[in-house]
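S.K.: Below is one structure. I have some questions about it.
Throughout, read-outs are computed from the coordinates displayed, never taken from laboratory work. It should be emphasised that the depicted structure is a prediction, and the values quoted were computed from it without experimental measurement. With ideal geometry, Cβ positions are generated from the backbone for all residues, glycine too; neighbour counts draw on all protein chains shown.
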Amino acid sequence: MAQLDGKKVAFLLTDGFEDSELTSPWDAVTGEGATATLVSPKEGSVEGKNGHVQAVDLAASAADASDFDALVLPGGTGNADHLRLDAASVAFAGAFFDQHKPVSVICHGAWILTEADAVRGRRMTSFPSLRTDLINAGAEWVDEEVVVDQGLTSSRTPDDLPAFNAKTIEEISEGQHTGQTR
């Protein structure tokens, strides 16, 4: 039996995502038995900054965090900047915190969490250029490969994907957490 059998994991992204920050965690969670769903404000398919194209499974406006066990937020500057301006995507991401469900975010993906007011009082990391944004949103920013804080897993860059994937799987397998919401 795989570690994540029966778990449903949403991946929230749009065009301009960092390809490996989608494909590597996607393969990691599905390899452990989870069902992955690509959620996006864009219809049809999305394209990464390096050319990876993947079909959208569910519109962000129709997505409900109650239908999933966890959320993964890949990075990519263009992706993250567009997502944080989409109200449905921000609401969807924020609902995972309200429901105490695991969220994993890498690189620039954390921008949407500042919009959702979900980083206040949390220890986390990101791509270095988000440091000030996260601090201003109330996070304790650290420069570490992977950080876990009450179900929120964060990493900096594609170089951190092995550690990010391992902690993401661990947090999803543990399920809901107690503690701070947003």
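S.K.: How many residues are within 21 Å of PRO158 (Cβ to Cβ) and buried (at least 22 other Cβ atoms within 10 Å of the Cβ) if we restrict to the stretch 107-133?
M.R.: Within the stretch 107-133, residues that are within 21 Å of PRO158 (Cβ to Cβ) and buried (at least 22 other Cβ atoms within 10 Å of the Cβ) number 11.
S.K.: Taking PRO74, is it under 22 Å from LEU4 (Cβ atoms) and in contact with a Pro (Cβ under 9 Å, 6 or more places away or on another chain)?
M.R.: So PRO74 passes the test.
S.K.: Still on this structure, I have one more. Among the numbered criteria (1) surrounded by fewer than 22 Cβ atoms within 10 Å (Cβ to Cβ); (2) under 23 Å from ALA28 (Cα atoms), which single criterion is violated by SER104?
M.R.: In the conditions (1) surrounded by fewer than 22 Cβ atoms within 10 Å (Cβ to Cβ); (2) under 23 Å from ALA28 (Cα atoms), SER104 misses (1) alone.
S.K.: Moving on. From the list ALA36, ALA2, which one is part of a loop (DSSP other than H, G, I, E, B) and either farther than 25 Å from GLU115 by Cβ or in contact (Cβ under 8 Å) with a residue 24 or more places away in the chain (or both)?
M.R.: Unique residue meeting the criteria: ALA2.
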